[in-house]
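Below is one structure, written out as structure tokens; comments come after it.
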Amino acid sequence: MKNEVQLIAYANRLGGATLRDLHKTLSEPLQGLFSCVHILPFFFPTDGADAGFDPIDHGRVDPALGTWDDIRGLSRDIDIAADLIVNHISVESNQFKDYRNKGEASEYAGMFLRFEDVFPQGATERELNSIYRPRLGLPFTKMIIRGEPRLLWTTFTGTQADINLHSRQGWKYLENIVSIFAAHGISVVRLDAVGYAYKKRGTSCFMVPETFGYIDELSRIIKAHGMEVLVEIHSHYRQQIAIARQVDWVYDFALPPLILHALFKGTFRFLKKWLEISPRNAITVLDTHDGIGVIDVGPEVVNGERHEGLLSESEISELVDTIHLRSGNVSRQATGAAAANLDLYQVNSTFFDALGRNDREYLLARALQFFAPGIPQVYYVGLLAGENDLKLLQKTNNGRDINRRFFTGEEVWQSMAKPAVRGLVELIRLRNTHPAFHGEFSMPAARHEHELVIRWNQPHDRAELLADLSTGEFTIAYTQEGQWKTITSSMLLKEDLPVVK
């Protein structure tokens, strides 16, 4: 991966309804801003129960979006990341239909994980209750397989059948998708929901030690095709640090709630503690298509032993309440049991609305993200300082859709004129071009908790962020051709922006 800002977007929600529209948007209003675009699931179909994460045909581009030729064409201009949906496949897939009709006589019989594959002697109440799951209820669905009722693993929804990675069929399925990716210009493969892939009796069935063996094997296959691997896992911060030691790239999902906490409470103490220990091989985010996660900073209990989080339960509760307050309680309508959500450990809101649409705070949050260790990734709604889409939420009753707005090409151009977006573009340009970000990260001591200094050093170049929560102001000082230049938050919000060369 290039050490430059990345974009994450849907193929049909940023500038138009097709991959060609996305290509045009990246080539015109967004020209030169991003080194890589993570295109969220563009497989057939993209309009299923889980917005493309429940593929019927993982190896086929949804015809409504375009073709693999469109993907390859885009890859000539920009690196592309794509999702390998490791854990499951739609029950409407040809593979599952064949299994449902033929049972054990199907060539795909071993591909789908049955209850008895993990619990051959049955399961105790304790074993079932110990299974970690992103939503309420048990991860099983009763289905009729060749006229007989069978209990199958369905971690996310009853329409998504889990893949059995103990089986030859399961591995063959995934290897085929990897080959298709490599043949059509994909540069980075994100292992989606891989933490759930290995189920083992007597465990939580989430990120068990054997999971790393699967990640290693998948990574070996992907790298053999010349692609890089990004692992997507939400978990306790200690586990994230451990995972990062064993993989190429991980997400820093603790960063968004910690930045919000800092802005809300006026102290950098908790954020600074995290930045001192956070993985350096991270993709940093503020907002994603999945909402603002809080599990990554919270405590956890493992085998009866409690491990404290980066924030306490009361601090997280106050953080969530403040987001609801700042968003005018709109986020409350999309979070938890208020809407049809796949998980319960996130707040569904745009990051801009989580900050009460405060331009200055928003740019400070982005500056903190860009100066944090790792490679920044910006979600398309956040790029355009998008507001909560209550109409889409009311239409679908899917809480996540409040932060999945459809932007026409004209709306993209209009949004680029917003003060917060114009300021963000300048921050992106600085992060992409300044050589100091290829050097060493440090945080010199600040006088007060409401102040933070982040510095990046190369032998002949330096970039430094000085933030003060008591005033809400920040200053970026950086070297340019042997001279010191300065950008302030106030300058970024003026009409006559200084242009970063």
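Residue count for region 363-398 satisfying the condition of being more than 26 Å from residue 1 (Cα to Cα) and at pLDDT 95 or above: 2.
If we keep just the residues of region 222-232 that are assigned to a helix (DSSP H, G or I) and surrounded by fewer than 19 Cβ atoms within 10 Å (Cβ to Cβ), which is nearest to the chain's Cα centre (by Cα)? Among those residues, the one meeting the criterion is 223.
Only residues that are more than 11 Å from residue 112 (Cα to Cα) and either acidic (Asp, Glu) or out of contact with any Leu (no Cβ under 8 Å at 6 or more places or on another chain) (or both): list them for region 152-167, please.
Keep residues of region 152-167 that are more than 11 Å from residue 112 (Cα to Cα), which gives 155-159.
Residues satisfying the conditions are 155, 158, 159.
Tell me yes or no: at least one residue of region 362-372 is surrounded by fewer than 20 Cβ atoms within 10 Å (Cβ to Cβ) and within 20 Å of residue 490 (Cβ to Cβ). Checked against the condition, which is being surrounded by fewer than 20 Cβ atoms within 10 Å (Cβ to Cβ) and within 20 Å of residue 490 (Cβ to Cβ), region 362-372 yields no hits at all. Could you list, in sequence order, the residues of region 413-450 that are surrounded by 16 or more Cβ atoms within 10 Å (Cβ to Cβ) and within 19 Å of residue 36 (Cβ to Cβ)? Hits for region 413-450 are 424, 425, 427, 428, 429, 430, 431, 432, 434, 437. Of the candidates 105, 64, the single residue that is surrounded by fewer than 16 Cβ atoms within 10 Å (Cβ to Cβ), free of Cβ contacts under 8 Å to residues at least 60 places away in the same chain and within 22 Å of residue 39 (Cβ to Cβ) is 64.
You will find that of 288, 267, the residue that is modelled with pLDDT under 95 and either out of contact with any helix residue (DSSP H, G or I) (no Cβ under 9 Å at 6 or more places or on another chain) or more than 12 Å from residue 310 (Cβ to Cβ) (or both) is 288 and no other.
The lone criterion from (1) free of Cβ contacts under 8 Å to residues at least 12 places away in the same chain; (2) over 21 Å from residue 30 (Cβ atoms) left unmet by residue 417 is number (2).
Selection of region 250-274 for residues being of a type in the set (Val, Ile, Thr), crowded, with 20+ Cβ neighbours inside 10 Å and not in a helix (DSSP H, G or I) yields only 250. The residue list 122, 158, 137 contains one member that is more than 34 Å from the chain's Cα centre (by Cα) and not in a strand (DSSP E or B), which is 122.
Residue 73 - would you say it is more than 24 Å from residue 198 (Cα to Cα), in contact (Cβ under 8 Å) with a residue 24 or more places away in the chain, within 25 Å of the chain's Cα centre (by Cα) and in a loop (DSSP other than H, G, I, E, B)? For residue 73, the condition - more than 24 Å from residue 198 (Cα to Cα), in contact (Cβ under 8 Å) with a residue 24 or more places away in the chain, within 25 Å of the chain's Cα centre (by Cα) and in a loop (DSSP other than H, G, I, E, B) - is not met.
The values are calculated or read from the model by the stated rules, or taken from the named source; none is laboratory data. The shown structure was predicted, so the numbers you read here are calculated from the model rather than taken from an experiment. No Cβ is skipped: glycine too gets one built from the backbone with ideal geometry, and neighbour counts run over all protein chains shown.
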